[in-house]
1. PHE210's amide H: which non-local residues (gap 5+, or another chain) put their own amide H closer than 5 Å, with H modeled 1.01 Å from N in plane and none for Pro or chain starts?
2. Round to a whole number: what % of the accessible area of the chain belongs to carbon and sulfur, probe 1.4 Å?
3. Could you state the angle between the C-alpha long axis of helix 107-116 and the longest principal axis of the C-alpha atoms of the chain, as a value from 0 to 90 degrees rounded to the nearest 10?
4. Order the following by accessible area, largest value first: ASP5, ASP53, ASP246. Probe radius 1.4 Å; ligands, DNA and RNA are ignored.
5. Which angle between 0 and 90 degrees, to the nearest 10, do you get for helix 29-43 versus the longest principal axis of the chain when only C-alpha atoms count?
6. Heavy atoms only, 1.4 Å probe, whole protein assembly: order THR188, THR107, THR158 by accessible area, highest first.
7. Search the structure for amide H atoms under 5 Å from the amide H of ALA163, placed 1.01 Å from N in the peptide plane, and list their residues when 5 or more places away or on another chain.
8. Got a sec to turn the phi values of region 95-103 into Karplus ³J(HN,Hα) couplings, 6.51 cos²θ - 1.76 cosθ + 1.60 with θ = phi - 60°, whole Hz, x for Gly and Pro?
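The values are calculated or read from the model by the stated rules, or taken from the named source; none is laboratory data. The shown structure was predicted, so the numbers you read here are calculated from the model rather than taken from an experiment. In case anyone asks, the SASA skips ligands and DNA or RNA and just uses the protein heavy atoms, side chains included. Shrake-Rupley method; radii C 1.70, N 1.55, O 1.52, S 1.80 Å.
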Amino acid sequence: MEWSDLRVFLAIAREGTLGAAARRIGQTQPTMGRRLRALEKAVGHTLFQRTSDGLVLTDEGTAVLRHAERMEEESLALERVLAGQGGRLEGNLRVSSSDWFGLHILTPLIYEFTQRHPGVTVELLTDARFLSLSRREADLVYRIRPFDEPEVVQRKLTRIEYALYGVAGSPTPTVGDGTGCALVTMNTTFGGMPDVAWLQRMLPNARVAFRSNNRDAQAYMSALGVGLAVLPRPIGDALDGLQVIDLGEPPPGRDVWIGYHQDLRRLARLRALLDLTIERFSKD
């Protein structure tokens with residue numbers, strides 16, 4: 001039995017299809033199928049039932065899953081411990097954040113960091129998903145809610161204020177109504193965001209003209225005159241053609257948290273970026 005085949009098994013169990021599992025670990029779908037068959041031959045059991053909805057674990061597969069997850073945890077723990085001993089400012093550093101925060105806030109910060117430490121390669125992942133620090137899907141994560149994993153070292157970094165924006169010259173709509181007003185807002189997947197609820201409360205009769213999960217797309221559509229949009233102030237204040245629309249109550253802001261796995265606390269390149277981040281935000 002090969003450990004690498006168990007990694008394939010875990011990816012398939014988590015994703016449910018060979019194609020999604022292949023994308024997750026950077027393999028081709030035919031390779032995933034061959035390696036799964038090799039693992040099933042090695043253990044002497046069929047581990048997945050093939051259904052119209054994808055691959056479902058058999059009873060034997062469920063038993064293998066428990067052991068494979070424990071093996072993965074030990075392997076990742078060893079990887080983190082060894083990585084955490086890195087005292088030199090060189091190597092790779094994987095950073096995760098939302099798309100707009102990565103573009104407008106982190107990119108200038110990372111540029112400064114790479115100028116100071118050219119031996120470090122920073123990979124910035126802008127993803128709406130909360131990536132796992134335990135699995136080293138990311139080394140350093142910036143996000144808008146606290147971490148609940150006990151092994152994560154975290155701190156509140158800053159608070160981002162939001163405002164309602166419209167194209168220059170936009171009339172101020174009537175609070176509690178909004179009839180005749182067009183809105184640019186989050187898509188339905190993110191309908192639980194605080195700014196969406198705020199818009200619905202402040203302008204219940206306004207019509208939604210455009211939805212997107214991308215804040216920059218919202219900002220540019222608003223600047224083109226499509227409708228009013230709630231935006232983080234670092235985006236809205238910097239975009240020509242937009243003005244703040246004051247409804248007497250600002251939209252809710254968001255806290256930004258930063259976290260990393262405790263096993264990486266001695267990783268020099270992580271500490272260097274963390275220190276620069278704290279230094280820059282402490283000046284704001």
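1. Placed amide hydrogens put LEU183, THR185 under 5 Å from PHE210.
2. Taking all protein chains in place, the chain shows 49 percent carbon and sulfur surface.
3. 60
4. Descending order: ASP53, ASP246, ASP5.
5. 40
6. So the residues, ranked largest to smallest area, are THR188, THR107, THR158.
7. Those lying under 5 Å, H to H, from ALA163 are LEU231, ARG233.
8. The phi angles translate into 10, 10, 7, 5, 5, 5, 5, x, 6 Hz.
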